[in-house]
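What follows is calculated from the coordinates using simple rules that are stated; it is not laboratory data. In this text, all values refer to a predicted model and were calculated from it rather than measured experimentally. Every residue, glycine among them, receives a Cβ derived from its backbone with ideal geometry; neighbour counts consider all protein chains shown.
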Amino acid sequence: MSFDRAGPDLGLDLDLDLDECVEHLRSLIRIPSVNPPDGGPEVAAGRDPLGGETAAARYCAEVLGDAGIAAEVIELTPGRGSCVARLPATGPATDPPLILLSHLDVVPVDAESWSRDPFGGELIDGVVWGRGAVDMKNMVAMELAVMLALKRSGASLRRDVIFVAVADEEAGGEHGARGLVEQRPELFHDGDGRPAAAALNEVGGYSITLGGRRFYTIQVAEKGIVWTRLRTTGTPGHGSMPHTDNAAVKLARAVDAVAADQAGRSARMTPVVAAFLAALGLHDVASLAQDDPAAASAVLANRVTDPVMRRSLDAMLRDTVTTTVLRSGKKVNVMPGAGEAELDIRTLPGTDQAELLAHLQRVVGDQASVEPVVALPAVEWPADAEIVGLMHQALARADPDATAVPTMITPGTDAKALAQLGIPCYGFAPLRLEPDFPFLELFHGHDERVPISALAFGLPVLGEVVARYVGGADAPKYRPQPA
Ligand SMILES: [Zn+2]
């Protein structure tokens, strides 16, 4: 199936092939590029001799190479491959590049909890099943299809278009985006050393339905991360002769204090989140959240039926501190001399992370020490950028009844790595989903799957945004609508 999106307003005649996109998605799912690569049964079973990420990177490089687009497989670490390819601007580039960013790795599966083979790439009743169908081989396949269509079009380009599909997003990016940014920054530049003007990445772009209305998220911000350790010390001793200097008890008290502090943390509305809530018709959540968090939560509980969406919206309102790991003691009759908890802290744009840690140290007092392990600031990019305007226009054309709205996500992505080069990274993997499709649950969930109808909507939208952003001098330039 092809889409006839050619038109005077596109400036590029893009022959996007949905069947090709679906086949690439299914093929990529059949490559179990699980991260961590040594942790899965696929390696033990010999299904993953190369390292799945390298196999997936080679797949992309071959597809691109067959179409005449030179592609490089880069292994910063053996088996941890990424694929980078470039469609150069026609003649001297008049504008800096566009990056089509994705990650090739997927999180492990609990195969027994799946209704289908997680690495089968099966197509059943119009739905593609398998690990990565949502996070994020769907977007890898769409971006591949856009690269191929751009190449076939022979159109003149005013920017380089750089396809970057990386390893290791799911574990911090040392072997993928972060490593490439540090070791090969030129990959993200054009020939004149200008960093890309924008990157399109995962998570945003999908539709949500609320109160019978459909919205598309355009992700312009993501929360910061501070992975933090709480440490306690105590005096070891025989469990039969207790004393009060018990590292396990101190750890429990410290964790309890952190949880109580979190429960009372007041909201802080960033402009992006306030506008997002307003567009969703949740103005009152925004106004209540700062003074009456309980009332704000009650409004959310009332209006948002999807529990995952509700938690996501709630987490946009404030910094969050979540205890995820506890360790203390090894034996029932030995009082432990040490305890350790891990906290997953997510901060809003504008939060002073050091100040939050100092606050937590005061909360736990002398029971425990608070030590940051990984700290990455929040990222936020202009919601009025040219490319965001193109997203609004493409979505409005494809789904006139819906509303597109910029948003912030609470998890982190490789956008944080590209931010080090000053490259704005927008989450835009457009998918039109049925109201009852449990999309957010499927990220890292069982029975991950994506309907082809969602891709049939998303591929031409993505193609239009890219085509208009990179189209050559013969393509009309985008002019923002007057407000
Ligand atoms: Zn992802």
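Where nothing but the Cβ of Lys and Arg (+1) and of Asp and Glu (-1) is charged, how large is the charge dipole of the chain around its Cα centre, in debye to the nearest 20? Show your work: numbers first, answer last.
Details: 42 positive and 65 negative charges, 174 e Å.
In debye, rounded to 20, the chain gives about 840.
Calculate, in nm to one decimal, what ASP192 and THR410 gain on full extension: separation in residues at 0.36 nm each, minus their alpha carbon distance. Walk me through the numbers before you get to the answer.
Working: separation 218, 0.36 × 218 = 78.48 nm, distance 3.49 nm.
Here the answer is 75.0 nm.
Which residue, chosen from MET335, GLN353, GLN367, occupies the Cα position most advanced towards the positive end of the dipole of region 221-376, where the dipole is computed from +1 (Lys, Arg) and -1 (Asp, Glu) charges on Cβ about the Cα centre?
After comparing all options, I get MET335.
Only residues of region 246-271 count here: report those whose backbone N is under 19 Å from the spot 7 Å along Cα→Cβ of ARG362, or say none.
Under cut-off, by backbone N: 254-268.
Under 1.5 on a/c is rounded, so check that first for region 380-481, then, if it is not, pick prolate when a/b is larger than b/c and oblate when it is not; a ≥ b ≥ c are the square roots of the alpha carbon gyration tensor eigenvalues. Numbers along the way, then the final one.
Working: a/c = 1.99, a/b = 1.26, b/c = 1.58.
It is oblate, given that a/c is not under 1.5 and a/b is not larger than b/c.
Over the chain, what is the relative contact order in whole percent, taking alpha-carbon pairs under 8 Å and six or more residues apart? Could you put the intermediate results ahead of the total?
On the way: 1047 pairs, mean separation 110.7, N = 483.
It comes to 23 percent, rounded to a whole number.
Could you name the lysines in cross-link range of LYS250, using Cα to Cα under 19 Å and dropping any fewer than eight places away on the same chain?
LYS330, LYS331
Using only Cα atoms, find the angle between the long axis of helix 247-263 and the longest principal axis of the chain, and express it within 0 to 90 degrees, rounded to the nearest 10.
It works out to around 50 degrees.
Give me the dipole magnitude in Debye, nearest 20, for region 268-335 about the Cα centre, with unit charges on the beta carbon: positive for Lys and Arg, negative for Asp and Glu. Display every interim value, and only then the final one.
On the way: 8 positive and 6 negative charges, 120 e Å.
Result for region 268-335 is approximately 580 debye, rounded to the nearest 20.
Taking neighbour Cβ counts within 10 Å as the exposure measure, how do PHE428, PHE439, PHE276 sort from fewest upward? Let's see the in-between values first.
On the way: PHE428 32, PHE439 19, PHE276 25.
Going from least to most buried by this count: PHE439, PHE276, PHE428.
Could you give me D for region 221-376, from Stokes-Einstein at 10 °C and 1.306 mPa s, where the hydrodynamic radius is the Kirkwood radius over C-alpha pairs? Units µm² s⁻¹, please. Working shown, then result.
Numbers: Rh = 17.2 Å.
Diffusion coefficient, whole number: 93 µm²/s.
So in the chain, which Cys have no other cysteine's beta-carbon sitting under 4.7 angstrom from theirs?
Within the chain, the cysteines lacking a partner Cβ under 4.7 Å are CYS21, CYS425.
So how tilted is helix 353-364 from the main axis of the chain? Cα-based, degrees 0 to 90, rounded to 10.
Around 20 degrees separate the two axes.
Just check the chain against the gyration tensor rule for me: Cα atoms, a ≥ b ≥ c as the square roots of the eigenvalues, rounded for a/c under 1.5, and otherwise prolate or oblate depending on whether a/b exceeds b/c. Don't jump to the answer; show the numbers that get you there.
Numbers: a/c = 1.88, a/b = 1.50, b/c = 1.25.
Here the chain falls in the prolate category.
Could you tell me which residue out of TRP227, SER113, ALA133 lies farthest along the dipole of the chain toward its positive end? Charges go on the beta carbon: Lys and Arg +1, Asp and Glu -1, centred on the Cα centre.
Going by the charge dipole, the pick is TRP227.
Could you give the nm distance between label points at ASP436 and ALA354, where each point is 7 Å from its Cα heading toward the beta carbon?
5.3
Can you give the relative contact order of region 287-412 as a percent, counting alpha carbon pairs under 8 Å and 6+ residues apart? Can you show the working numbers first?
Working: 89 pairs, mean separation 23.6, N = 126.
Reported relative contact order: 19 percent.
Mind checking the full-extension length gain between ARG152 and VAL325? Use 0.36 nm per residue of separation minus the Cα-Cα distance, one decimal, nm. Before the final figure, lay out the partial values.
On the way: separation 173, 0.36 × 173 = 62.28 nm, distance 5.06 nm.
Using 0.36 nm per residue and subtracting the Cα-Cα distance, I get 57.2 nm.
Placing +1 on the Cβ of each Lys and Arg and -1 on the Cβ of each Asp and Glu in region 221-376, which of PRO236, VAL273, ASN302 has its Cα farthest towards the positive end of the resulting dipole?
Going by the Cα projections, it comes out as PRO236.
Note down the nm distance, to one decimal, between modelled labels 7 Å out along Cα→Cβ at HIS243 and at ALA171.
4.1
Round to the nearest 10 and give me the degree value, 0 to 90, for the angle of helix 52-66's Cα axis relative to the longest principal axis of the chain.
10
Treating the beta-carbon of each Lys and Arg as +1 and of each Asp and Glu as -1, no other charges, what is the dipole magnitude of region 221-376 about its Cα centre, to the nearest 20 debye? Intermediate results must be reported in sequence, preceding the final value.
Working: 16 positive and 17 negative charges, 89 e Å.
Value, rounded to 20: 420 debye.
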